[in-house]
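Structure incoming, see below.
The values are calculated or read from the model by the stated rules, or taken from the named source; none is laboratory data. Predicted model, so just to flag it, every value in this text is computed and none were measured. Glycine also receives a Cβ, built like all others from the backbone with ideal geometry; neighbour counts cover every protein chain displayed. Side chains are part of the model used for accessible areas, which takes the heavy atoms of the whole protein and leaves out ligands, DNA and RNA. Shrake-Rupley method; radii C 1.70, N 1.55, O 1.52, S 1.80 Å.
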Number of protein chains: 2
Amino acid sequence: MSEGIESKMSDLKVDGQEPPKSTAESSTGKQKPKKQDKERKDQKVAHKSKPQQQAKKKQDGPELIGITEPKRGDLSEWYQQVILKAEMLAFTDIPGCYVYLPPSYRIWEFIQEYFNERIRKLGVKNAYFPLFISEDNLQREESHIEGFAAEVAWVTHGGKSKLEKRLAVRPTSETAMYDFYSKKIRSHRDLPLKLNQWNNVVRWEFKHAVPFLRSREFLWQEGHTAHLTEKDAGIEVMQILDWYADIYEHLLAVPVVKGQKTKNEQFPGAHYTKTIEGFIPAVGRGIQAATSHCLGQHFAKMFDIKVEDPDQQIKEGEKRDKLHVWQNSWGFTTRSIGVMVLVHGDDKGLVIPPRVAEVQVAIVPVGVTAKTTDADREKLYDEVHGLKTVLEEAGVRAEVDLREGYSPGWKFADWELKGTPLRLEYGPKDAANGVVTTSRRDTSEKGTIPVAELSSGVPKLLEQIQKDLFMKASDEYASHRKIVREWKDFVPTLNAKNVLLVAHCLGGDCEDEIKKDSAGNVEGQEVDARAPSMGAKSLCIPHDQPEPIAEGQKCINPKCDAAAQQWVMFGRSY
Amino acid sequence: MSEGIESKMSDLKVDGQEPPKSTAESSTGKQKPKKQDKERKDQKVAHKSKPQQQAKKKQDGPELIGITEPKRGDLSEWYQQVILKAEMLAFTDIPGCYVYLPPSYRIWEFIQEYFNERIRKLGVKNAYFPLFISEDNLQREESHIEGFAAEVAWVTHGGKSKLEKRLAVRPTSETAMYDFYSKKIRSHRDLPLKLNQWNNVVRWEFKHAVPFLRSREFLWQEGHTAHLTEKDAGIEVMQILDWYADIYEHLLAVPVVKGQKTKNEQFPGAHYTKTIEGFIPAVGRGIQAATSHCLGQHFAKMFDIKVEDPDQQIKEGEKRDKLHVWQNSWGFTTRSIGVMVLVHGDDKGLVIPPRVAEVQVAIVPVGVTAKTTDADREKLYDEVHGLKTVLEEAGVRAEVDLREGYSPGWKFADWELKGTPLRLEYGPKDAANGVVTTSRRDTSEKGTIPVAELSSGVPKLLEQIQKDLFMKASDEYASHRKIVREWKDFVPTLNAKNVLLVAHCLGGDCEDEIKKDSAGNVEGQEVDARAPSMGAKSLCIPHDQPEPIAEGQKCINPKCDAAAQQWVMFGRSY
């Protein structure tokens, strides 16, 4: 077992505490601010951006406070520094609830635009269902409520009045929506019904919260559709899964593996769950990226959603049979932004793929010194604005950085921290040569583009960056998906920061056993106090199976006597 | 006092009940569905769209179930029928919480696009702050919490655990956001800070809920900005107000009056509140359409948001004074959709202005009879699809209605119910003449457009409809804004479904007195059991004053001795 892994296997335990106990709780709603409000400002959660900090020191020659922890060091610390200093996110006084600041929210908007455009073509319409769900509705599907009961946030009071019935804050909206579906769907003519909503959901988990990856409130879209046949439902489940993969791969440049969840891991109440699984190389863990569920007829039976069979041959006077509809639900969350940060970020900070970067190109004027005349500087600035105009006309999102009192070096580091994909530098020397100097965020590679070719050269370079980011991450993921044929290799391969493809019987108990036996403290192996305690769980049954299961092949688990059914991807996971 | 007004003055009491008492409340989260779940389906709240209903009767020649209550009859009943039958909204089992179905949510998306485009130019960035607010933060600004305390929904439990500190579901986000502002704003260089969020808020009012107009959960945007000076803040307050008015007038074709709220009516914690006030002619009531607040320095003082004065002249070694920032907040809600319905709708159903209509043009093939050959019908359908293509290329959102088993007359009524601005009919006769027949939703006016001129003629006609809708509503509002110079005319003019412009002292107590004295049961006037009981409140101090206040002019209120200060718009209001 290689050394030095453990410290990076940490759980990204950024913010998992309950709020401090209040000494006095008032229900009058008129309490005076407490002393701790004042103190809170000085906590770790407060982050100061560089210009603000340095402004306190001196007006020119500010110091840049960059990322002080390398990504290969304490990943948790690195992650926290990156998302706070690049102002992707801010903490609040409520553990597990975060502020999505403009740089991250803008990525979410790009995702929304991309996905809306696609689902509209499929006839999906956006709508909005209430935040609150009555307890009666929430409980209608048994396995569903069992899956969510422990995490539901309950509203019990309105103003000073106790509500007669407490209300659940939606953890997901199946049970909020399907009462409506049962009223709306009266005939096969009402099918398919395809609604989607972009909203916030709350899952009051008591596990450690991790910004973006696991938060108590998060943003997502949830699509809910009803179909006449299982086949129609299944086609849609796969179409949505493909688009989810496209968002990750084409927008966020993050590779994913498509597959099906095992019974153990599927959505509470689902018939089956399709999933895309991502990978965080720094810790060698898988992460569920998005899921598309076929709910089968389970909810339709509980919510009484049925239609007459239109294809049944009946005689005069006979009644048609009633069919329960086939339902899907599928969701994509703000978790994706965290995965993007973890996959692409580096020691300098964020790396944002061009397609989701609000600012794709930062143009920084250089070579302005104390000796530069006002006229020369003005001329340079005019030219720089000209470059921006050319880029904008070519459809590039560009910004000019004319901040006073900051050196070009400081500005470079600031744009790098924020992950801007491409920097253009332009000074008197560049002007003399008729070029702009380019600097790629992802590779730090420098180059030049003739000013005359800017409108084609920059978009081309941005596309190259987008492609290279994906290829790099894709190669890395591929090299960490290891086929493991014997149990003795299972844990060592896992500990070498891989996810594993193993022949498995698909038994739920067997999965649990593997999870237990692959946890840190394993019989017969050296015990390291810092060893990861988490076992491997099944991530998915990949659609792309590495090879056929051989005849007579047994399950990887030596304690299991069953025959192997499929290659299953196992791994430690978020 | 004219008769027949009263029945239309009803409060649109559509849905104001608390849920029925539960006989047994379980906190295990595993209760079985109750009998009442089954019964709920048959309640009034269930609405069946026409095709669904008729499908049960016979397959062809369906009957259309349109709006059965005229707009001049029981407005409440008319409104409920229109929004349910046109599928703008659905009820839920939680009173005051509604489903925004695709036809209304799409309008909301048009509003979002329009407003986002504008505020981005102003440097406002979208973000997302948590749904929950700690009680500590919520209470920091005294008048603010006093204004909202009675309406706050409280989360007290997560799963089965009682939270150590209960959490407020945001009624608005000043107190959720300004703790972050105090950390973020360290120097005048951090100003202005301009964030906006599109989200859901909850105000657990116990007044009667009215779909769109007053609901316990609603959708809105809330902008929150911080500025160095009062002047900068004030410029923005007015810019936003203008854009809010533009959304109403240019998109929704609904006229508004811009003005300032009196102290009595301003936002809890504001320095001053600018408002746009709409008007519902059917009941002669005003309705607050949107508000833009200058919060002054109140919140900045409570949340300790301050910067060093950059303009202060100081000597070496001296410290600059600290200045509290000037803040604004401004919000625009889904209420706007309800105002649009109430202003433009008619006895046939919705009327949607072209700019916010998802389907601007419905193309219905006509003249297909039992004698029509398959080949002829196919040819006609091809031509109809061709018309759609031409329109789409001209930027028009068009749909072809080829539903089988429905007569053209049924389809006409269905598109009219849904408010589609323009219908095109096209049959063999039209084909022979090289024209399409047009039918305007707003005026029922029919006409023709040569097929060759479709791509210019239809957009032009849509613009005309948009303009005419606004002009009609604008004229109606103008004719119901009455200058009233003597108190004796106040209540009669009010009861004639007007809003009033009166010279007023701007005193809060005087406003309360007017409200009381203009209520239905007024001394010395005939009392009618059906008379409106609500008094008139100040809607705004219009920016566009009808005339200067004369020297020595007294307040309209005969019980008030003070001098008039401004013309104030009073009215009954939602």
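Kindly provide the set of residues from region A:99-108 that are more than 7 Å from chain B (Cβ to nearest Cβ) and open to solvent by less than 20 Å² (accessible area, probe 1.4 Å), ordered by number.
Selection gives A:Ser104, A:Ile107, A:Trp108.
Select from region A:550-574 the residues that are touching a Phe, Trp or Tyr at 6+ places or on another chain (Cβ under 7 Å) and either aromatic (Phe, Trp, Tyr) or surrounded by fewer than 17 Cβ atoms within 10 Å (Cβ to Cβ) (or both) and list them in ascending order.
Scanning region A:550-574 gives a single hit, A:Pro558.
Continuing with the same structure: Condition (residue is out of contact with any His (no Cβ under 9 Å at 6 or more places or on another chain), in contact (Cβ under 8 Å) with a residue 60 or more places away in the chain, loosely packed, with under 14 Cβ neighbours inside 10 Å and not in a helix (DSSP H, G or I)) applied to region A:416-439: is it met by at least one residue?
no
Looking at (1) hydrophobic (A, V, I, L, M, F, W, C); (2) under 21 Å from B:Leu131 (Cβ atoms); (3) over 24 Å from the mean Cα position of the chain (by Cα), which one does B:Trp204 not meet, given that it meets all the others?
Result: B:Trp204 passes all but (3).
Here's the yes/no breakdown for (1) assigned to a loop (DSSP other than H, G, I, E, B); (2) in contact (Cβ under 8 Å) with a residue 40 or more places away in the chain:
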{"site": "A:Ala168", "(1), (2)": "no, no"}
{"site": "A:Thr172", "(1), (2)": "yes, yes"}
{"site": "A:Thr175", "(1), (2)": "no, yes"}
{"site": "A:Gln197", "(1), (2)": "no, yes"}
{"site": "A:Lys207", "(1), (2)": "yes, yes"}
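Right, next: Check whether at least one residue in region A:145-167 is more than 9 Å from every other protein chain (Cβ to nearest Cβ) and in contact with a helix residue (DSSP H, G or I) (Cβ under 6 Å, 6 or more places away or on another chain), and report yes or no. Walk me through how you get there before you give the answer.
First pass over region A:145-167, keeping only residues more than 9 Å from every other protein chain (Cβ to nearest Cβ): A:147, A:162.
With the extra rule that they be in contact with a helix residue (DSSP H, G or I) (Cβ under 6 Å, 6 or more places away or on another chain), the set shrinks to none.
So far as region A:145-167 goes, no, none of its residues is more than 9 Å from every other protein chain (Cβ to nearest Cβ) and in contact with a helix residue (DSSP H, G or I) (Cβ under 6 Å, 6 or more places away or on another chain).
Kindly indicate whether B:Ala253 is within 26 Å of B:Trp108 (Cα to Cα), more than 14 Å from chain A (Cβ to nearest Cβ) and modelled with pLDDT of 95 or more.
On the way: within 26 Å of B:Trp108 (Cα to Cα): yes; more than 14 Å from chain A (Cβ to nearest Cβ): yes; modelled with pLDDT of 95 or more: yes.
Spelling it out, B:Ala253 is indeed within 26 Å of B:Trp108 (Cα to Cα), more than 14 Å from chain A (Cβ to nearest Cβ) and modelled with pLDDT of 95 or more.
Conditions tested, residue by residue: (1) at pLDDT below 95; (2) out of contact with any Gly (no Cβ under 9 Å at 6 or more places or on another chain); (3) more than 25 Å from A:Leu101 (Cα to Cα); (4) open to solvent by less than 10 Å² (accessible area, probe 1.4 Å).
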residue: B:Arg120; (1), (2), (3), (4): no, yes, no, no
residue: B:His144; (1), (2), (3), (4): yes, no, no, yes
residue: B:Ala150; (1), (2), (3), (4): yes, no, yes, no
residue: B:His157; (1), (2), (3), (4): no, yes, yes, no
residue: B:Ser173; (1), (2), (3), (4): no, yes, no, yes
residue: B:Met177; (1), (2), (3), (4): no, yes, no, yes
residue: B:Lys194; (1), (2), (3), (4): no, no, no, no
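Still on this structure, please answer the following. Could you please let me know if B:Glu249 is touching a Pro at 6+ places or on another chain (Cβ under 7 Å) and either farther than 29 Å from B:Leu193 by Cβ or not in a helix (DSSP H, G or I) (or both)? Even if it seems obvious, please write down each step before you answer.
Numbers: touching a Pro at 6+ places or on another chain (Cβ under 7 Å): yes; either farther than 29 Å from B:Leu193 by Cβ or not in a helix (DSSP H, G or I) (or both): yes.
Yes.
I would also like to ask the following. Only residues that are free of Cβ contacts under 8 Å to residues at least 60 places away in the same chain, within 25 Å of A:Leu501 (Cα to Cα) and either not in a helix (DSSP H, G or I) or not hydrophobic (A, V, I, L, M, F, W, C) (or both): list them for region A:210-245, please.
The answer is A:Asp242, and nothing else.
Just one of the numbered conditions (1) in contact with a strand residue (DSSP E or B) (Cβ under 7 Å, 6 or more places away or on another chain); (2) closer than 30 Å to A:Lys261 by Cα is not true of A:Lys472; which one?
Every condition holds for A:Lys472 apart from (1).
All but one of (1) hydroxyl-bearing (Ser, Thr, Tyr); (2) more than 29 Å from the chain's Cα centre (by Cα); (3) within 7 Å of chain A (Cβ to nearest Cβ) hold for B:Tyr128; state the number of the condition that does not hold.
(2)
Now for a separate question. Run A:Val283 past the list (1) within 18 Å of A:His543 (Cα to Cα); (2) surrounded by 19 or more Cβ atoms within 10 Å (Cβ to Cβ) and report the number of the one that doesn't hold.
All conditions pass for A:Val283, except number (1).
What number of residues within region A:332-378 satisfy the criterion of being more than 22 Å from A:Arg403 (Cα to Cα), of a type in the set (A, V, I, L, M) and open to solvent by 20 Å² or more (accessible area, probe 1.4 Å)?
1
Of the numbered conditions (1) within 8 Å of chain B (Cβ to nearest Cβ); (2) surrounded by fewer than 23 Cβ atoms within 10 Å (Cβ to Cβ); (3) part of a helix (DSSP H, G or I), A:Tyr181 fails exactly one; give the number of that condition.
Unmet for A:Tyr181, out of (1) within 8 Å of chain B (Cβ to nearest Cβ); (2) surrounded by fewer than 23 Cβ atoms within 10 Å (Cβ to Cβ); (3) part of a helix (DSSP H, G or I): (1).
So, one more: Is it fair to say B:Val384 is closer than 20 Å to B:Phe412 by Cβ and assigned to a helix (DSSP H, G or I)?
Working: closer than 20 Å to B:Phe412 by Cβ: yes; assigned to a helix (DSSP H, G or I): yes.
The answer is yes for B:Val384.
Looking at A:Ala413, A:Ala394, which one is of a type in the set (A, V, I, L, M, F, W, C), surrounded by 14 or more Cβ atoms within 10 Å (Cβ to Cβ) and touching a Ser or Thr at 6+ places or on another chain (Cβ under 8 Å)? Walk me through it before giving the result.
Working: A:Ala413 fails: touching a Ser or Thr at 6+ places or on another chain (Cβ under 8 Å).
Testing whether each residue is of a type in the set (A, V, I, L, M, F, W, C), surrounded by 14 or more Cβ atoms within 10 Å (Cβ to Cβ) and touching a Ser or Thr at 6+ places or on another chain (Cβ under 8 Å) leaves just A:Ala394.
Looking at B:Lys497 and the list (1) part of a loop (DSSP other than H, G, I, E, B); (2) open to solvent by 60 Å² or more (accessible area, probe 1.4 Å), which single condition is not satisfied?
Evaluating B:Lys497 over (1) part of a loop (DSSP other than H, G, I, E, B); (2) open to solvent by 60 Å² or more (accessible area, probe 1.4 Å) leaves (2) as the failure.
Out of curiosity, is B:Val82 in contact with a Leu (Cβ under 8 Å, 6 or more places away or on another chain) and either surrounded by fewer than 22 Cβ atoms within 10 Å (Cβ to Cβ) or closer than 18 Å to B:Arg216 by Cβ (or both)?
For B:Val82, the condition - in contact with a Leu (Cβ under 8 Å, 6 or more places away or on another chain) and either surrounded by fewer than 22 Cβ atoms within 10 Å (Cβ to Cβ) or closer than 18 Å to B:Arg216 by Cβ (or both) - is not met.
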